[in-house]
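A short worksheet on the structure shown next.
The values are calculated or read from the model by the stated rules, or taken from the named source; none is laboratory data. Since we're looking at a predicted model, the values are computed, not measured. All Cβ positions, even for glycine, are placed from backbone atoms using ideal geometry, and neighbour counts span all protein chains on display. Side chains are part of the model used for accessible areas, which takes the heavy atoms of the whole protein and leaves out ligands, DNA and RNA. Shrake-Rupley method; radii C 1.70, N 1.55, O 1.52, S 1.80 Å.
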2 protein chains.
Amino acid sequence: MSYQSLLDYINAVVPLTKSEEVELTNLVTKRKYLKGQFILQQGDIAQQQCFLVSGCTKMFHSDDSGQEHIILFAVENWWTSDIGSFISQTPADFNVQCIEDTEVIQISAQNIETLFIAIPKLERFFRKIIEKAFVALQKRMVRNFSLTAKERYIIFRSTYPELEQRIPQYMIASYLGITKEFFSKMKRQVLLDN
Amino acid sequence: MSYQSLLDYINAVVPLTKSEEVELTNLVTKRKYLKGQFILQQGDIAQQQCFLVSGCTKMFHSDDSGQEHIILFAVENWWTSDIGSFISQTPADFNVQCIEDTEVIQISAQNIETLFIAIPKLERFFRKIIEKAFVALQKRMVRNFSLTAKERYIIFRSTYPELEQRIPQYMIASYLGITKEFFSKMKRQVLLDN
DNA sequence: CAAACATATTAATCTACATTAACATTATTT
DNA sequence: AAATAATGTTAATGTAGATTAATATGTTTG
């Protein structure tokens, strides 16, 4: 069935019965986006939370001077959305844009409430998902405080070896919080070191 | 009753019945710490999640060169804990230390599981709490990428006007990700500007 | 296969912030 | 009240990373 990757993902955390699986799949939708398309634009209200079936996205903030600051990539079996906008239905601080053709399973803000009532253990599931995301973000924050860009890059490489192949350098630079020019310079250093 | 501030806090998000309130208060404990004492030390496993009744704490990471990086303050009605350590019972990345005499209500890792089973809506409560924390952290991350220390300080002042009175400057500097020397210099600029 | 566009490199110059070190001011303790 | 510790300031010098701008390479598209 077409929602299998999401079901597998959820079942690994909170096992669902067959009827719960049906209920869930009735409240989600599937959608394809092309490379370059926006799933969410800064200023709009996030209507959906997205689970990636295939493809790759970046979530970023455009600041006043037009600079992009990438704060999250997502690939297969990752979630992406501006959670703040989604939960309080306020204008998003972030854009979500596809950097490959991307297929997602979406849950709307309305349906997620229905789901929480129908299947309370999904509340546990989403709590655990966001706990994990929070912990990762907190660690990244500390790294940005205490490590140099070079050190952060080395950690990024070893943490997400697949990502480096799929994502243009200048986006990785943005994710690390540095310019593409400095990234290029620093990368040469790293490669020479090995 | 002595757990009232916690009950008020929870009731504002998920209303509890009287019997649920009793059940909850039976599974939490109260404790006092003196200024300077550690609630949690880096490398230990976080046994408790803490709700502050009074006082003030800082949560920080000590890096390899011994530098402190503060990533969270907490005052009355805030939660504090190394969530990562607490949920997966692994060594903490962070210290939590009192910067005033502090009284907390604590929930242990074991009891929180009991609570989730006894009162499922607490699962919703903690999901909402952590969602809020996550959103705030994400915004702070973007600010660290896109704003100067001066701009971040101005936002800090207007967001937490009370904190600036209670907390030594050098800790605010650490929270902003800069040295106390640079903070001192930059603060003079900000004060001259007004 | 051009032409257009997206991505990456290099080098010169600039700046926000770190480091060091000395000193000043407040709190706290005895 | 003196002594000690904690906190805050100032100034000189150093550096990670930004900015600008020119050029190179790679990849789509007509």
For the protein assembly as shown, build the convex hull from the C-alpha positions and give me its volume per residue in Å³.
-> 161
Buried area at the A-B interface (accessible, heavy atoms, 1.4 Å probe, summed, Å²) = 3300
Mind grabbing the accessible area of B:Val13 for me, 1.4 Å probe, Å², rounded to tens?
-> 60
Under the definition of partner shielding as Cβ atoms of other protein chains within 10 Å of a residue Cβ, what is the mean value for peptide B:181-187?
-> 0
Give the whole-number value, in cubic angstrom per residue, of the convex hull volume spanned by the C-alpha atoms of the stretch A:118-157.
-> 57
To the nearest 10 degrees, how steep is helix B:149-159 against the longest Cα principal axis of chain B, on a 0 to 90 scale?
-> 40
Let me know the mean shielding of A:121-130 by other chains, meaning the per-residue number of their Cβ atoms within 10 Å of its Cβ.
-> 5
Distance (nanometres) between label positions extended 7 Å along Cα→Cβ at A:Asn77 and A:Ala118 | 2.6
Would you tell me the mean number of C-beta atoms belonging to other protein chains that fall within 10 Å of each C-beta in A:168-178, as a whole number?
-> 1
dims of chain A, Cα set, principal axes, largest to smallest, nearest Å -> 56, 35, 30
Set the Förster radius R0 to 51 Å, insert the Cβ-Cβ distance between B:Glu100 and A:Asp63 as r into 1/(1 + (r/R0)^6), and round the FRET efficiency to 0.05.
-> 0.90
Which one of B:Tyr33, B:Tyr160, B:Tyr170 has the biggest mean-square fluctuation once chain B is modelled by GNM with Cα springs under 10 Å?
-> B:Tyr160
Relative contact order [Cα under 8 Å, 6+ residues apart], the stretch A:81-194, whole percent = 14
Relative contact order for chain B: what is it in percent, counting Cα pairs under 8 Å that are at least 6 residues apart?
-> 23
Which whole-number percent of Cα pairs in the stretch A:104-194 have a distance greater than 23 Å?
-> 44
Report A:Ser62's accessible area, 1.4 Å probe, all protein chains in place, as a number in Å² to the nearest 10.
-> 40
